[in-house]
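Enquirer: My questions all concern the structure below.
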Amino acid sequence: MHAFMVTKGVKEMMKVELLQQYVQISVSRYSEFLPRAISFAMRHFSRSYRLSSSILILDDGERLKKDYFLNWAYHVGLQKESIEESASFEEILQHSYLPIRIKIVDETGMLEQIRVSLRVIKTHQVAILLDHPNRLARRYLLALFKDFLLGYNNKELFLDASIDGFWEVLMGLISQKIIHNIVLNFDYETFKACAGFENSNLEYLTKDEALLRKSLKTLSCGINDDWETIKNRYIDLARTYHPDRVYGQDEAIVESYAEKFRDIQAAYEVLKGRLCSV
């Protein structure tokens, strides 16, 4: 899917996408562009259909009109930058033989939701994880944590937690934040756990119990999870953090993956030795 986001203002927010079966223009129902677009479509395309929350334009033989219509939408929105690295407006125009769908959405439906979580890599190193790549979100986080940055890729930032002020900046971040057309939803539980709030109960455990709890936490498992669940989680994490996945990248990133991979392996061996022998 290729997409362009438009943020001229709240009322002019729109998104132009090249989907598998059609070109879609998502428009806020409060946009000033919407009534004019609907009027143009109904007057100039012989096979235009008004549905409850969309307009469908099916004219395959009227590509000049379609090209004009898509250019109009693009320029009215002052569309400037593609969200996807490989997307281009020329690609969308090359597919104007497809049906065009004008999708009418609420303003909140125009916002891209991104889940942000935190994971401890080793004693003084953590990673901020995006559930999917987004350049705007990454730029925001890079600017915020520039003084603590060790390395990054398209979905992860690796940070030095030993630098003074790190935890204050990190914990001040937890909330829902709207940045232009994206919403960052911070996973409070992962941030809270990494900040050390869950470690207070460990002093009441025996050494073996503490090791068991730590190993379960490393594999993101609960105390009541069965062995099959733990094993499947281990396999998923081992694949995710295998150092081969970041071969050739920044040295800090490679070492972070290697350290996390070793922790995952060690936790699995602890749990395997205790739970499989029961």
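Values in this text are rule-based calculations from the coordinates and carry no lab data. Bear in mind the structure is a predicted one, so any value in this text is a computation, not a measurement. Here the Cβ is made from the backbone with ideal geometry for all residues, glycine too, and neighbour counts use every protein chain on show.
Enquirer: Starting from the Cα-Cα distance between ASP208 and ASP236, subtract it from 0.36 nm times their residue separation and give me the gain in nm to one decimal.
Expert: Working: separation 28, 0.36 × 28 = 10.08 nm, distance 2.53 nm.
Extra length from ASP208 to ASP236 when fully extended: 7.6 nm.
Enquirer: Based on the Cβ-Cβ distance of HIS132 and LEU51, what FRET efficiency does E = 1/(1 + (r/R0)^6) give at R0 = 30 Å, to the nearest 0.05? Present the calculation step by step, with values, prior to reporting the outcome.
Expert: Details: r = 29 Å, r/R0 = 0.97.
Taking R0 as 30 Å, the efficiency between HIS132 and LEU51 is 0.55.
Enquirer: Taking other Cβ within 10 Å of each residue's Cβ, how do MET14, MET42 sort, fewest first?
Expert: Values: MET14 26, MET42 13.
Taking fewest neighbouring Cβ atoms as first place, the list is MET42, MET14.
Enquirer: Turning to a different aspect of this structure: Rounded to whole Hz and in sequence order, give me ³J(HN,Hα) for the stretch 96-104 from the Karplus expression 6.51 cos²θ - 1.76 cosθ + 1.60, θ = phi - 60°, writing x for Gly and Pro.
Expert: Here the 3J(HN,Hα) series is 6, 6, 6, x, 10, 10, 9, 9, 9 Hz.
Enquirer: When SER46, SER28, SER54 are ordered from fewest to most other Cβ atoms inside 10 Å of their Cβ, what list results? Walk me through the numbers before you get to the answer.
Expert: Values: SER46 9, SER28 23, SER54 16.
Ordered from fewest to most neighbouring Cβ atoms within 10 Å, SER46, SER28, SER54 come out as SER46, SER54, SER28.
Enquirer: Which residues' amide hydrogens lie under 5 Å from the amide hydrogen of ILE182, considering only partners 5 or more residues apart or on another chain, with H built in the peptide plane?
Expert: For ILE182, the qualifying residues are GLU112.
Enquirer: Turning to a different aspect of this structure: Going out from 0 in 5 Å bins, what whole percent of all Cα-Cα distances in the stretch 112-194 drops into each bin?
Expert: With 5 Å bins starting at 0, P(r) equals 3, 15, 30, 29, 17, 5, 1, 0.
Enquirer: Mean projection of the alpha-carbon convex hull of the stretch 201-275 over all orientations, in nm²?
Expert: Answer in nm², one decimal: 5.4.
Enquirer: Here is a further query. Give me, ordered by chain and number, the residues 5 or more places off GLN125 or on other chains with an amide H under 5 Å from its own placed amide H.
Expert: Here the answer is ALA161, since their amide H atoms fall under 5 Å of that of GLN125.
Enquirer: Next question, about the same structure. Between VAL183 and ARG29, how many nm apart are label points set 7 Å from Cα along the C-beta direction?
Expert: Modelled inter-label distance: 1.6 nm.
Enquirer: On full extension of the chain, what length is gained from TRP167 through GLN265, given 0.36 nm per residue of separation minus the C-alpha to C-alpha distance?
Expert: Values: separation 98, 0.36 × 98 = 35.28 nm, distance 2.78 nm.
Full extension from TRP167 to GLN265 adds 32.5 nm.
Enquirer: Testing the spin-label approximation: label points 7 Å from Cα along Cα→Cβ at GLN20 and ASP160. State their distance in nm.
Expert: 4.7 nm
Enquirer: Could you derive backbone 3J(HN,Hα) for the stretch 137-147 from the dihedral phi with the Karplus parameters 6.51, -1.76 and 1.60 (θ = phi - 60°), listing whole Hz in sequence and x where the residue is Gly or Pro?
Expert: So the J values, rounded to whole Hz, are 4, 5, 4, 4, 5, 4, 5, 5, 10, 4, 7.
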